[in-house]
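To keep things clear, I will list the structure first and then write my remarks on it.
Every number in this text was worked out from the coordinates using simple rules, so none of it is lab data. Here the structure is a predicted model, which means the values were calculated and not measured. Please note: Cβ atoms are built from the backbone with ideal geometry, for glycine as well, and neighbour counts cover all protein chains shown.
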Amino acid sequence: MAGQLTDIPPGRAVFIDANIFHFYLRGPNIIQKACTSLLQRIERKEIVGYTSTLVLDELIYKLLLKKIEEKYKRNPLEILQRSPEEASAHSPDLRRAINSVMGIEGLTVLAVEARHIEESIDYIQKHSLLPRDAVHLSVMNTIECTDLASADTDFDRVTNLNRWTPL
């Protein structure tokens, strides 16, 4: 079961999943406001914010696919396969988006290391997580973080993890 983003107690360390940043940049108004409020709390140092390089990779990828889908109203992977230059065409938008996220004062971006990849297999097995989610969990464990801001209900299968959602 998840709590609301607005209910995260002050002083907590929270790992931010890609969907929170995506909602912050492009979400429906009420959800965007909740995510913006969370990120402002990080900037005010009310809570400690973490994310990872893998989360940022996932964010850029999802934003690119969404831009192409909106432009062509078709499967973006098919478009990219035929026209790889389409990725280049959206690089200014992607740069603005990632600069917005990277500019959040107080947000620490953690590196994903080989040990996180190795350990992720244990989390895939134990919690039936997808690989990226398992890597996120491994990175979180490195910093002993048990709070996660995410709309992804798959994390609810992980015991001893507090998931906070904007939904």
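Side notes on the structure shown:
- Restricting segment 120-137 to residues that are aliphatic (A, V, I, L, M) and part of a helix (DSSP H, G or I), the residue that is farthest from Ala18 (Cα to Cα): Ile121
- The lone exception for Ile20 - which of (1) assigned to a strand (DSSP E or B); (2) touching a Cys at 6+ places or on another chain (Cβ under 8 Å) it fails: (1)
- Pairs, first farther than 9 Å from Leu64 by Cα in segment 75-92, second in a helix (DSSP H, G or I) and of a type in the set (D, E, K, R), C-beta under 6 Å, six or more apart: Ile79/Glu86; Leu80/Glu86
- Any chance Ser88 is assigned to a helix (DSSP H, G or I), at negative phi and surrounded by fewer than 13 Cβ atoms within 10 Å (Cβ to Cβ): yes
- Total residues in segment 103-149 satisfying the condition of being aliphatic (A, V, I, L, M), surrounded by fewer than 20 Cβ atoms within 10 Å (Cβ to Cβ) and free of Cβ contacts under 8 Å to residues at least 24 places away in the same chain: the figure is 4.
- Matching entry among Leu80, Leu167, Leu148 (being under 22 Å from Leu25 (Cβ atoms) and part of a strand (DSSP E or B)): Leu148
- Among the residues of segment 92-119, those that are assigned to a strand (DSSP E or B) and either in contact with a helix residue (DSSP H, G or I) (Cβ under 8 Å, 6 or more places away or on another chain) or farther than 17 Å from Ile143 by Cβ (or both) comprise Leu107, Val109, Leu110.
- Qualifying residue in segment 39-55 (condition: surrounded by fewer than 16 Cβ atoms within 10 Å (Cβ to Cβ), touching a residue at least 40 places away in the same chain (Cβ under 8 Å) and in a helix (DSSP H, G or I)): yes
- Test set (1) among the acidic types (Asp, Glu); (2) free of Cβ contacts under 8 Å to residues at least 40 places away in the same chain; (3) under 23 Å from Ala134 (Cα atoms) - Glu58 fails condition number: (2)
- Conditions (1) in contact with a Ser or Thr (Cβ under 8 Å, 6 or more places away or on another chain); (2) farther than 20 Å from His22 by Cβ; number of the one not met by Met140: (2)
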